Structures are given as structure tokens and as C-alpha cells.
Ligand SMILES: Cc1ncc(C[n+]2csc(CCOP(=O)(O)OP(=O)(O)O)c2C)c(N)n1
């Protein structure tokens with residue numbers, strides 16, 4: 001419970017810093033995940049380090065951190081430094097860490113779903129029993145053909161994958177009502193013949209338990225599960241977007257009233273797990289960590305101009321799985 005809260009506080013501190021750095025003109029763009037903290041902390045905790053493979057999407061800093069990705073790596077990507085896992089050549093958050101089972105993020109919405117299913121098929125093909133793939137995406141991704149191809153293939157071949165939909169109701173300015181005829185994403189799984197469940201994405205424990213159960217099913221040959229976690233994006237899609245142009249202040253305020261971070265803090269205080277003072281000192285600790293890390297990474301070198309064409313064309317490569 002304490003680790004879940006720490007991850008949630010860290011996500012929020014990273015988010016806040018990203019938006020500040022962008023406004024200071026230090027980074028090109030920032031993508032906030034405020035409102036997704038509980039989904040990401042819970043799902044990350046269900047991920048088994050050293051075994052599982054994560055196919056994340058761009059709004060997943062929290063899951064990356066919860067799966068063991070280095071905090072400095074997040075800022076190396078934001079600052080586009082040479083030390084970044086892509087050598088400072090990708091758009092922010094498109095990091096990767098093969099040793100930790102964190103696959104590279106693809107900007108093409110839903111393309112990670114086919115990649116994830118391919119990786120899960122490889123795990124099955126090699127007869128590996130206690131490994132699963134966690135594949136995350138927003139509800140907007142479910143309108144893409146590639147999403148349907150991925151879930152269909154996964155269902156037919158019963159591959160060990162957990163699909164986690166972070167349903168925040170908005171795909172940039174497109175509301176879910178303009179995205180699908182049936183706004184219950186979990187129910188879409190039934191059409192493909194596998195289980196879909198809908199959970200409260202503002203509750204990290206509910207997410208942890210659902211993803212953990214789906215993982216257990218996946219590794220024991222039970223095939224995929226679609227976990228739909230209901231959450232909300234409190235900030236703009238990115239710093240290049242202005243959410244005030246397409247949604248009402250009332251709607252945002254209503255969702256804010258249910259903010260997963262203070263809600264989980266209150267739960268831990270009420271249960272006697274932590275005191276208000278302990279939470280405050282944890283908040284200070286993560287903020288300090290973010291400040292120090294930002295300073296260190298900012299001083300790291302930018303990619304050298306002569307590396308401009310490095311990794312542009314595929315060379316010899318090793319398979320992920
Ligand atoms: C195939 C494709 N179409 C459109 C885009 C542009 N785009 C980037 S993010 C985004 C919204 C996706 O929304 P959703 O999947 O709900 O995730 P969220 O950002 O809300 O977490 C779109 C349309 C893209 N990157 N790829």
C-alpha cells in the first residue's frame with residue numbers, strides 16, 4: 001500500500017515538473033498522466049519484474065517507474081539528452097529498457113497492441129510458462145483496426161497477454177461518445193470470445209487485484225483479459241493542447257473531486273497505515289528526488305550532431321523475447 005502511494009506521488013511530481021520544464025522552454029513537450037496514477041501504480045505492481053514484458057503507451061510514466069524504469073531515464077527522454085535510451089532522438093516518453101522487459105513505445109495508436117500480442121505468442125511458442133505481457137492503451141485506441149486485429153488474434157490463440165485500457169473518456173478532443181457505439185469498453189471483449197472486466201481506475205488496489213488475476217489466468221493458459229480501468233485525464237492531452245476548448249469546467253471539477261491521490265492518502269490514513277505527517281514527508285522526499293534528478297540530467301550532453309543518422313536504418317538486431 002505504501003509503495004503504491006509512493007509511486008502515485010512520484011508520478012504526480014514528475015508530471016508537475018514536466019509541465020514546468022515545458023513552460024520554462026527547457027523541454028519541447030510534456031504529456032501529463034494526472035488522473036491515471038492509480039491505474040498505473042496498481043498495474044505496475046502486478047507486473048512481475050524479470051519475467052513479464054510491458055508494451056506501454058505514451059501516457060505511462062507511472063507504469064514505467066512501477067516496473068523498474070529509472071527515474072533519470074524519464075528526464076533524459078524529456079530533455080532529449082544523449083544518455084536517453086533512444087539517444088535523445090525520440091519524442092518524450094518513448095523510452096525502452098530491454099533488460100527490464102520494457103518495450104519501446106510506438107507513437108502510432110494501437111500499434112503496441114499487435115506488438116504485444118506477437119511477444120505473447122512468442123512466449124507461448126517457446127513454451128515459457130510463467131511470463132505474461134502487459135499491454136496498455138487509451139479507450140481511443142480501441143477504435144483502431146490494429147486494436148481489433150490484436151485482440152482477435154490473442155483470443156484465438158489464447159496468448160498470455162493482459163490488455164489494460166486506461167479509459168479517461170477523452171482521446172485528445174474526441175469524447176468517448178464519438179468514439180464507439182457501446183461506451184463500455186470491457187464489453188467489447190465478449191465479441192471476440194474472451195473476458196472483459198471494468199474496474200474503478202481511481203482505486204490502485206482494485207487495479208492491482210484485477211491485473212494480477214488477469215496475469216495469473218494468462219500464465220496458466222487461460223488466454224487474454226481486457227481490463228478497463230475508468231479514470232480521467234485532469235490535464236491537457238499534452239502541453240501542446242488546451243483542454244478548455246473542448247470540455248466544461250464543471251466536468252473537470254466533478255472528476256477532480258474524486259482525485260485518486262488524495263483519495264488513496266485518506267484511505268491509508270483512515271486504515272492507520274500512514275499518518276498525515278508520514279505522507280507529507282514522502283511527498284517532500286519524492287519532490288526532492290525529482291528536483292535532484294532534473295538538475296543532474298539537465299547537465300548531461302545533448303546528442304552529437306554526427307549521430308543524426310545513427311539508428312535511422314535497421315541493422316542486425318536481436319529479438320525481444
Ligand atoms: C494511428 C494514429 N492516429 C492518430 C494519432 C494522433 N493521436 C495521438 S494521441 C491521440 C489520442 C489517443 O487517445 P486515447 O487512446 O484515448 O489515449 P489518451 O491519450 O486519452 O490516454 C491521437 C488521436 C496517432 N498518434 N496515431
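How high is the relative contact order of region 65-153, in percent, counting Cα pairs under 8 Å that sit 6 or more residues apart?
RCO, region 65-153: 20 percent.
For region 2-299, what's the relative contact order in percent, using C-alpha pairs closer than 8 Å and at least 6 residues apart?
Values: 587 pairs, mean separation 67.9, N = 298.
About 23 percent, as a whole number.
Given 10 Å bins starting at zero, what is the percent of C-alpha pairs of region 42-195 in each, up to the one with the largest pair distance?
11, 39, 35, 13, 1
For region 1-89, what is the largest minus smallest coordinate of the Cα atoms on each principal axis, given in angstrom and ordered from greatest to least?
36, 25, 19
Counting other beta carbons within 10 Å of each Cβ, put 84, 240 in order, fewest first.
By the 10 Å Cβ count, ascending: 240, 84.
Pull up the DSSP beta bridges for the chain and report the antiparallel fraction as a percent, rounded to 5.
10 percent
Using label points projected 7 Å from each Cα along Cα→Cβ, tell me how many nm separate residue 91 and residue 16, to one decimal.
Between residue 91 and residue 16, the label points sit 2.7 nm apart.
Percent of Cα-Cα pairs per 10 Å bin, from 0 to the last occupied bin, for region 191-240, please list those.
23, 40, 25, 11, 1
Give the relative contact order (percent, whole number) for region 31-92; include only Cα pairs under 8 Å separated by 6+ residues. Could you put the intermediate results ahead of the total?
On the way: 57 pairs, mean separation 16.1, N = 62.
After rounding, I find 26 percent.
At 20 °C and 1.002 mPa s, what whole-number value in µm²/s does Stokes-Einstein give for the translational diffusion of the chain, with Rh from the Kirkwood sum over Cα pairs?
107 µm²/s
Run the quick spin-label model on residue 48 and residue 284: label points 7 Å from Cα toward the beta carbon, then report their separation in nm to one decimal.
For the pair residue 48/residue 284, the computed spacing is 4.0 nm.
Enumerate the whole-percent occupancy of each 5 Å bin, from 0 to the last occupied one, for all C-alpha pair distances of region 186-321.
2, 7, 9, 9, 12, 14, 15, 14, 11, 6, 2, 0
Within a 10 angstrom radius of the beta carbon, how do 200, 299, 52 rank from fewest other beta carbons to most?
Listing 200, 299, 52 from fewest to most nearby Cβ atoms yields 299, 200, 52.
What number do you get for region 111-162 when its Cα radius of gyration is normalised by 2.2 N^0.38 Å, N = residues?
On the way: Rg = 10.7 Å, N = 52, 2.2 N^0.38 = 9.9 Å.
Against the empirical 2.2 N^0.38 Å value, I get 1.09 for region 111-162.
Would you list 309, 232, 55 from fewest to most Cβ contacts within 10 Å?
The fewest-first ordering by Cβ neighbours comes to 309, 232, 55.
Hey, rough spin-label estimate for residue 248 and residue 213, points 7 angstrom out along Cα→Cβ, what's it come to in nanometres?
With each label placed 7 Å out from Cα toward Cβ, I get 3.5 nm.
Report, please, the projected area of region 105-210 averaged over directions, based on the convex hull of its C-alpha atoms, in nm². Don't skip to the answer; put the middle values down first.
Details: hull surface 28.0 nm².
The number I arrive at for region 105-210 is 7.0 nm².
Calculated from DSSP H runs of 4 or more alone, at -39500 (n - 2.57) each and per residue, what is the 222 nm mean residue ellipticity of the chain, nearest 500?
-13000 deg cm²/dmol
Every number here is computed from the coordinates shown, using simple stated rules; none is lab data. What you are looking at is a predicted structure, and each value in this text was computed from that prediction instead of being measured. Every residue, glycine as well, gets a Cβ built from its backbone with ideal geometry; the counts of neighbours run over all protein chains shown.
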